[in-house]
Ligand SMILES: [Zn+2]
């Protein structure tokens, strides 16, 4: 399996996120990716390479022009307010909730931050844009390798993650939706029906919202029940898609404490939905924060279970692009993620 990894991911290194009234150290740290890359070097699954550049028009297939304009200039705008800002991360603190207008772009920087975000846990730093854009390039490059049939499967190893980012907003540690960009690349390359399977602990709200009204991309997510788990406001079972996308969204929310037996039964339901949909290619949002030792999540999967997850996904026998998402038990994240990939390779053999 080809791995395309982000050589500049460390340029995005947030200092703090807002949690219960305090600024606490970020959970989403550069070490996460380094552990996965080290594990892939210890247990090689195939070629490791860095991506080329991703053209802006490819990003515009998923993200709005005004959001990309904001994101690409946000750090410079932040520091232009006050040179001392270079020493702290930018975090939003005001949002246009129900009844406010989102169509008028404010001149005020804090107001723009709020317009294009949905939480105060996602710091924007000096290198965020560069790291996120190179990450998007990893996803597009991996998808092109699969779409061009030079690879049956590929892994986009990148951070910041992507599945919480919508067409015009960031949040949940995510800025550009790498999985959505991979799915669009597969569609543009000729696969008529593409599925995104999100196995991260958290609901892939960004991916769902991007494809919600489209019938050509099925989005399926297994996740902690949003009544108690982040991102709270999306991910319920009754969200089935709209318009042309009616029936092309499936949410499988699960309670805190879910073990592998119950989680795997939900994966079976997801796999059946993919088969019914007639998916010709697959993108997997690969978060391993379902791990029992994850510090911010509450499922109980063990490291060995991830081998079975990979085998189960391989059973779909689809051209597959894995995109790295969450997983915050930093010391174990490499073993757990590579277990999925190794299980997939063995299951596909
Ligand atoms: Zn997650």
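Nothing in this text is a laboratory measurement; each read-out follows from the coordinates by a stated rule. Given the structure is predicted, the values throughout are model-derived calculations rather than measurements. Glycine gets a Cβ as well: all are built from the backbone with ideal geometry, and neighbour counts include every protein chain shown.
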Query raised in the report: Once the Cα atoms of helix 305-314 and of the chain are each reduced to a long axis, what angle between those two axes, in degrees from 0 to 90 to the nearest 10, is obtained?
Result: 80
Report summary line: Note: residue 259 to residue 87 extended length (0.36 nm per residue) minus current alpha-carbon separation gives 57.7 nm
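Mean 1/r over all different Cα pairs, inverted: what Kirkwood radius does the stretch 202-271 give, in Å?
The Cα-based Kirkwood calculation yields 12.1 Å.
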Query raised in the report: So what's the gap between the Cα centers of the stretch 71-100 and the stretch 154-226, to the nearest angstrom?
Result: 25
Query raised in the report: Taking only Cα atoms, what is the 0 to 90° angle, nearest 10, from helix 330-348's long axis to the longest principal axis of the chain?
Result: 40
Query raised in the report: What spacing in nm lies between the two simple spin-label points modelled at residue 8 and residue 275, each 7 Å away from Cα in the Cβ direction?
Result: 4.4
Query raised in the report: Among bridges DSSP assigns within the chain, what percent are antiparallel (round to 5)?
Result: 15
Query raised in the report: What is the Cα radius of gyration of the chain over 2.2 N^0.38 Å, N being its residue count?
Result: 0.92
Report summary line: Expressed in angstrom and rounded, the centroid-to-centroid distance over alpha carbons for the stretch 287-349 and the stretch 111-138 is 26
Report task. Quote the relative contact order of the stretch 1-86 in percent (integer), defining contacts as alpha-carbon pairs under 8 Å separated by 6+ residues. Result -> 32
Report task. Taking the chain as the reference, fit the longest principal axis to its C-alpha atoms, fit the long axis of helix 65-81 to the helix C-alpha atoms, and give the angle between the two in degrees, 0 to 90, nearest 10. Result -> 50
**Report entry** Average Cα contact separation per residue, the chain, under 8 Å, 6 or more apart, as relative contact order %
**Finding:** 18
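Order by neighbour count: 113, 56, 18, fewest other Cβ atoms within 10 Å first, most last.
Values: 113 23, 56 13, 18 16.
Ranked by crowding around the Cβ, least crowded first: 56, 18, 113.
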Query - Convex hull projection area averaged over all views, the stretch 197-349, Cα basis, nm² - result: 7.9
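For the stretch 56-129, what does the relative contact order come out to in percent, with C-alpha contacts under 8 Å and a separation of six or more? Don't skip to the end; give the middle numbers.
On the way: 54 pairs, mean separation 25.7, N = 74.
Contact order relative to length: 35 percent.
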Query raised in the report: Can you give the Kirkwood hydrodynamic radius of the stretch 1-115 from its Cα pairs, in Å with one decimal?
Result: 17.5
Query raised in the report: Based solely on its DSSP helices, what 222 nm [θ] is calculated for the chain when runs of n ≥ 4 H residues each add -39,500 (n - 2.57) and the sum is averaged over all residues, nearest 500 deg cm²/dmol?
Result: -11500 deg cm²/dmol
